[in-house]
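The values are calculated or read from the model by the stated rules, or taken from the named source; none is laboratory data. Remember, it's a predicted structure, so these values are computed and weren't measured experimentally. In this analysis, Cβ positions are derived from the backbone assuming ideal geometry, glycine residues included, and neighbour counts consider all displayed protein chains. Just the protein is used for accessible areas: all its heavy atoms, side chains included, with ligands, DNA and RNA removed. Shrake-Rupley method; radii C 1.70, N 1.55, O 1.52, S 1.80 Å.
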Amino acid sequence: MADRQRRILVTGATSGIGLALVQRLALRHHVMATGRKDVETARAVLPANVSYIAAPLTDPAAATRLIADGLLRAGWTKLDNLVLNAGTGHLVTAAGVEEEARIRETLDVNLLAPVLLARALFPWLEKTGGTLTLVGSVAHTGAANFPSYAASKAGLDGLARALRAEWQGRVTVQIVHPGPTATPMHAKAGFDPGRLGGMFTPAPVMAAMVERAMVTGRSPLTLSFGARLLHAIRPETRL
């Protein structure tokens, strides 16, 4: 798998795990990054050799069209890897109230967008017998004060299992569930982990673990603290 350049698309690629993963993959492969940031802002953080499509997943249908059109304009008619990594979430207040608009945004970005993108880009993946990697979260089993986020990631886990069976023999489907990771998402969600934040996995380390998972194709795979310790003693693995 590591003996040729691959065409890889990564969503949520301008910060956190997505950005760290793009920075790794761009050293060896052709990478198309997508995100909600405008092109100029994204260019300031992405590697120079990475292509970019501005496609906010808050409008899943529109974003899917933008990404498909962007791939065609770039001359990409096939994909070796599709990494649906983008995610968002919001901390529920002490009163237990979660605004409807925030619930919809979380479900749109974390679940509806991956459903639409996976279906739309399946023909690109099928041409290479490629791999769809869904980035979930350990919160898919439940997370206090993040009910919509947990629900969206549980749905993503179900999507992975369904597509893995449906696309068997044509496209590999996997889902990885990162544990707590040091990314800007927590601040955006209104969550302060305090001293516990010092134990969170650095984004570059988590990205390396995700890349290792992409090589193996294992699914489902939990990338927790124990997996981080195991990763630290293993040789570096590149796609």
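Taking loop as defined by DSSP and a crowding limit of 13 other beta carbons within 10 Å, which GluC sites (Glu not before Pro) in segment 93-145 fit?
Sparse-neighbourhood loop GluC sites (Glu not before Pro): GLU99.
Using Cα pairs under 8 angstrom and six or more residues apart, how large is the relative contact order of segment 85-176, in percent?
After rounding, I find 35 percent.
Can you work out the accessible area per residue across the chain, with the rest of the protein chains kept in place, probe 1.4 Å, in square angstrom?
46
I need to check one value: relative contact order of the chain, counting alpha carbon pairs closer than 8 Å and at least 6 residues apart, in percent.
The normalised contact order for the chain reaches 19 percent.
Over segment 1-108, what is the mean sequence separation of C-alpha contacts under 8 Å (at least six apart), divided by residue count, expressed as relative contact order in percent?
29
What are the ³J(HN,Hα) couplings of segment 128-143, residue after residue, when phi is run through the Karplus curve with 6.51, -1.76, 1.60 and θ = phi - 60°? Round to Hz, x for glycine and proline.
10, x, x, 10, 9, 10, 9, 9, x, 5, 4, 5, 5, 8, x, 8
Can you pull the Kirkwood radius for segment 39-89, inverse mean 1/r over Cα pairs, to one decimal in Å?
Value: 12.4 Å, from the Cα pair sum.
Residue by residue through segment 208-223, which ³J(HN,Hα) values in whole Hz follow from phi under the Karplus form 6.51 cos²θ - 1.76 cosθ + 1.60 (θ = phi - 60°), with glycine and proline marked x?
Karplus-based 3J(HN,Hα) across segment 208-223 equals 5, 5, 5, 4, 4, 5, 4, 5, 7, x, 5, 6, x, 9, 9, 9 Hz.
Keeping the other protein chains in place, figure out the carbon and sulfur percent of the accessible area of the chain, with a 1.4 Å probe.
Whole-percent figure for carbon plus sulfur exposure: 56.
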